[in-house]
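The values are calculated or read from the model by the stated rules, or taken from the named source; none is laboratory data. Just so we're clear, the structure is a prediction, and the values are computed from it rather than from any experiment. Methodologically, a virtual Cβ is constructed for each residue, glycine included, from the backbone with ideal geometry; neighbour enumeration extends over all protein chains shown.
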Amino acid sequence: MMDKDTKGHNEAVSELILAGVPLGNIGDASTRLKAAISSADVVLAEDSRRFNRLCKDLEIQCNAEVLSFFEGNESSRLDEVASHLASGRQVLLVSDAGMPSVSDPGYRAVRMAIDKGFKVSVIPGPSAPLAALAISGLASDSFAFDGFVPRSSGARDQFFEDRATETRTLIVFEAPHRISESLQSMIKSFGPNRQAAICRELTKTYEEVVRGELAELLSWSESKEMLGEFTIVIAPYDPSEQVVSDQEVVETVSRYESSGITRKEAIALTAKELHIRKRKVFDIMVEQK
């Protein structure tokens, strides 16, 4: 059955409101955000101290009950949130920066509210992935946001290998102390010449955007200490730029097989080395029979 939010859905004035907050520049706070903070009965804040600082910077008074609402306690808070909504209270949900639910808490609360028939609305605001995409200079007609890159080296390598032939622009978050490692993983899967943009501290005083080939960005990342919050935008795979002959594919698979590994493993390694889809390698090998 289709969900539909309408003004008169519930007799009570209960409502769950998701609101975007500034990434760093307080001037990006919307008039609607300020009004929502002032009128809310309950505020779900990823970090209550940062929310109080936001209110101070906005020079507004918040009389709401402020509850911590972060990844670690989101599920356990849902019954309490449902109780507030059932009592006819207006609940405002904010993350530390940007839009809630986008690699931040919020999804579970929204799902709960929808399932229980409460009204849900959104106050659009700043978003790091969209800001980075816009300023990157890379294709923006089709893109994929994949949140934070896995922390372990093996999972990270697999993460990028799985996206080696993604034909949409890719957007990811990464911690400053893992920027170089992630760029190395990207080069393994995408090649050193893939275009990308690293966006650091967007909208803040020390905002920095560095654009170039992955090899160039790796050199930049190793040239100084990496500090701040990073969003990386990676150009899509362009099949027209990848010219690999069937003969080269066959020879590469044969080389791997001669080392004693299975055909399946040889196909996977060939696809990774030549930056083409495993299915294409498989099809070429079938045709050679």
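Observations
- Taken over segment 136-149, residues that are in contact with an Asp or Glu (Cβ under 9 Å, 6 or more places away or on another chain) and crowded, with 16+ Cβ neighbours inside 10 Å amount to 1.
- Residue satisfying all of: in segment 22-42; in contact with a Lys or Arg (Cβ under 9 Å, 6 or more places away or on another chain), at pLDDT 95 or above and surrounded by 15 or more Cβ atoms within 10 Å (Cβ to Cβ); nearest to residue 206 (Cα to Cα) among these: 23
- Selection status of residue 201, farther than 23 Å from residue 268 by Cβ, buried (at least 19 other Cβ atoms within 10 Å of the Cβ) and among the acidic types (Asp, Glu): no
- The listed residues are 126, 105, and the only one of them that is in a loop (DSSP other than H, G, I, E, B), modelled with pLDDT under 95 and either β-branched (Val, Ile, Thr) or surrounded by 17 or more Cβ atoms within 10 Å (Cβ to Cβ) (or both) turns out to be 105.
- Test: residue 248 is in a helix (DSSP H, G or I), in the same structural domain as residue 279 (by TED's automatic domain parsing) and either buried (at least 22 other Cβ atoms within 10 Å of the Cβ) or in contact with a helix residue (DSSP H, G or I) (Cβ under 9 Å, 6 or more places away or on another chain) (or both): yes
- Consider segment 41-65 and keep the residues that are touching a residue at least 40 places away in the same chain (Cβ under 8 Å) and among the β-branched types (Val, Ile, Thr). The one that is nearest to residue 82 (Cα to Cα) is 42.
- Within segment 162-208, the residues that satisfy the criterion of being outside any loop (DSSP other than H, G, I, E, B), more than 18 Å from residue 130 (Cα to Cα), under 17 Å from the mean Cα position of the chain (by Cα) and not hydroxyl-bearing (Ser, Thr, Tyr) are 176, 178, 179, 183, 186.
- Segment 237-277 - residue that is over 23 Å from residue 158 (Cα atoms) and β-branched (Val, Ile, Thr) and, of those, farthest from the chain's Cα centre (by Cα): 250
- Checking residue 95 against (1) out of contact with any helix residue (DSSP H, G or I) (no Cβ under 6 Å at 6 or more places or on another chain); (2) more than 30 Å from residue 13 (Cβ to Cβ), the condition it does not meet: (2)
- Hits in segment 133-162 (condition: under 30 Å from residue 278 (Cβ atoms), in contact (Cβ under 8 Å) with a residue 24 or more places away in the chain and among the hydrophobic types (A, V, I, L, M, F, W, C)): 133, 138, 139, 143, 144, 145, 148, 149, 159, 160
- Filter result for residue 78 (in a helix (DSSP H, G or I), touching an Asp or Glu at 6+ places or on another chain (Cβ under 9 Å) and in the same structural domain as residue 110 (by TED's automatic domain parsing)): no
- Just one of the listed residues (72, 24) is in contact (Cβ under 8 Å) with a residue 60 or more places away in the chain, in a loop (DSSP other than H, G, I, E, B) and farther than 15 Å from residue 100 by Cβ, namely 24.
- Any chance residue 102 is in the same structural domain as residue 38 (by TED's automatic domain parsing) and more than 17 Å from the chain's Cα centre (by Cα): no
- Only one of the listed residues (225, 229) is assigned by TED's automatic domain parsing to the domain that holds residue 206, charged (D, E, K, R), surrounded by 12 or more Cβ atoms within 10 Å (Cβ to Cβ) and modelled with pLDDT of 90 or more. That residue is 229.
- Selection status of residue 261, at pLDDT below 95 and touching a helix residue (DSSP H, G or I) at 6+ places or on another chain (Cβ under 9 Å): yes
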